[in-house]
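These notes concern the structure reproduced below.
No value in this document is a laboratory result; all are computed from the given coordinates. The structure displayed is predicted, hence computed values, not measured ones. Counting neighbours? That spans all protein chains shown, and the Cβs are built from the backbone with ideal geometry, glycine included.
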Amino acid sequence: MTEYLLLLLGTALVNNVVLVNFLGLCPFMGVSNKLDSAIGMGFATTFVLTLAAVASWLLEFFVLRPLDIGFLRILTFILVIAAVVQFTEMVVRKFSPGLYQVLGIFLPLITTNCAVLGVALLNIQEEHDFLKSVVYGFGSAVGFTLVMVIFAGMRERLALAQVPAAFAGAPIGFIVAGLLSLAFMGFSGLVTN
Amino acid sequence: MSNGFNKIIRDGLWDNNPGLVQLLGLCPLLAVTGTLINGLGLGIATTLVMVASNLTVSLIRNLVRSEVRIAVFVLIIASFVTAVELAMQAYFYDLYKVLGIFIPLIVTNCSIIGRAEAYASKNTPLNAAVDGLFMGLGFTGVLVVLGAMRELVGMGTILAQAHIMFGEAARNITLELSATHEGFLLAILPPGAFIGLGLIIAAKNIIDRRMTAREALTTTQTATSQA
């Protein structure tokens, strides 16, 4: 139990997907202008990332390895992720139209979120067992949401700040992200694995 | 005709650079630029995929129905990435190990599917291939500049570990800034990547502004001299 808790904490804070592993930067920079949309994107990604981690693990160990067709991994994983995104969209629309209103526009974007494919591949590379894969997927997604919300909050303030003209917009965003990343480096050593 | 190519080249390398202006494909851009060689390696791999996928998408652009086009594009890109990954595993094993997960992640580099959708699916194969080549080179350029910057500040060298890409003969082409430079670790660590890219984009903004100002000046000068 402790092992899984440490893995969760480690993936969410210490080895944060966005700030340390550099995955999922496009939505991190693209959808973090407003706090509301950052939260929506965070929840949608959490859902898809966890499901995709599960689906890709099953695919790897029940199809790709027994049949010895590992060279099809990239191709099959991207298809599985697209299918999971599509499935999530249908389920959410059917059972919770309110949630669909909030998350709907973000769902198609998640297919090209490299955090989803990245975490699926890292799970295979690290030879995680099934439960660990689930925890790793969920932990990464929690880390993604956390950083996304923090960064959106900072950017809302930043929009009102006076910065040198050359730095306005994206450049100052990157520099603030760098400072945030520096702050997260303080977590290293919290969990040693 | 050559005018059209000029525009494509300018767009890819500067005006519409995928890394600096479109802000696409950020993950590999920041992740692998610890050294110049790593950046160059991934840049070349990305360029290859981009040229091949743009060419293929353009060739089949009239055969694919628009409802399924995105899925088809993704599959085409994934196939080329698999080919590049296997080729690198065979010929550049050390580089393959260093770049690791970011080779398969070329699939989700949004700038590739972005070009397929926005340009290749509407233009002739030749134009699409040239566009892919220069978009890829523009991306590679940013990778190389950021890699060189971080390597120089962080370790005081340029072209370290060149042998993993150019073979044993290139082991000694590493340039060292000074033997006493201890390195500024922040530049190699993740925060350095973010801050470095922020500075590069800011520098591009300044250069762009200077160029517009100069152009405006020359136009007014010619206008007054004509009058």
>> Can you give me the distance in nm between label points at B:Val144 and A:Leu6, each placed 7 Å from the Cα along the Cα-to-Cβ direction?
In response: 4.5 nm
> Roughly how many Å is it from the Cα centre of the range A:153-186 to that of the range A:68-108, as a whole number?
Replying inline: 31 Å
> Any idea what the dipole of the range A:1-115 comes to, in debye rounded to 20, about its Cα centre with Lys/Arg Cβ at +1 and Asp/Glu Cβ at -1?
Replying inline: 200 debye
>> Against the empirical 2.2 N^0.38 Å scaling, what ratio does the C-alpha Rg of chain B come to?
In response: 1.15
> What is the fewest-to-most order of B:Cys27, B:Cys110 by other Cβ atoms lying within 10 Å of their Cβ?
Replying inline: B:Cys110, B:Cys27
>> Need one word for the range A:53-105: rounded, prolate or oblate. Basis is the Cα gyration tensor (sqrt eigenvalues a ≥ b ≥ c); a/c below 1.5 gives rounded, then a/b vs b/c decides.
In response: prolate
>> Using a 10 Å cut-off around each Cβ, can you sort A:Met41, B:Met155, B:Met211, B:Met50 from fewest to most neighbouring Cβ atoms?
In response: B:Met211, B:Met155, A:Met41, B:Met50
> Okay, helix-only estimate at 222 nm for the protein assembly as shown: each DSSP H run of n ≥ 4 adds -39500 (n - 2.57), divide by all residues, round to 500 deg cm²/dmol; what do you get?
Replying inline: -22000 deg cm²/dmol
> Average partner chain C-beta neighbours within 10 Å, per residue of A:164-174?
Replying inline: 6
> Given H placed on each backbone N at 1.01 Å, which residues far from B:Gly183 in sequence or on other chains put an amide H within less than 5 Å of it?
Replying inline: none
> trypsin sites (Lys or Arg not before Pro) within the range A:1-108: which are DSSP loop residues with at most 12 other Cβ atoms inside 10 Å?
Replying inline: none
>> How large is the convex hull of the C-alpha atoms of the range B:1-65 per residue, in Å³?
In response: 122 Å³
> Can you pull the three principal axis extents for the Cα set of the range A:17-184, in Å, largest first?
Replying inline: 59, 37, 24
> Which ³J(HN,Hα) values, rounded to whole Hz and listed in residue order, are derived for the range A:174-186 from phi using the Karplus coefficients 6.51, -1.76 and 1.60 in 6.51 cos²θ - 1.76 cosθ + 1.60 with θ = phi - 60°, glycine and proline given as x?
Replying inline: 5, 5, 5, 4, x, 5, 4, 4, 4, 5, 5, 5, x
> Each residue of the range A:61-77 in order: what ³J(HN,Hα) in whole Hz does its phi give by Karplus 6.51 cos²θ - 1.76 cosθ + 1.60, θ = phi - 60°, with x for Gly and Pro?
Replying inline: 8, 10, 10, 5, 6, x, 8, 6, 10, x, 5, 8, 4, 4, 4, 6, 5
> By the gyration tensor of its Cα atoms, with a ≥ b ≥ c the square roots of the eigenvalues, what is the shape of the protein assembly as shown: rounded for a/c under 1.5, prolate for a/b over b/c, or oblate?
Replying inline: rounded
> Kirkwood hydrodynamic radius (Cα pairs, Å) of the range A:93-159?
Replying inline: 14.1 Å
>> Need one value for A:114-126: mean number of C-beta atoms belonging to other chains within 10 Å of its residues' C-beta atoms.
In response: 3
> Once both labels are modelled 7 Å past Cα along the beta-carbon direction, what's the B:Ala203-A:Asp68 spacing in nm?
Replying inline: 5.1 nm
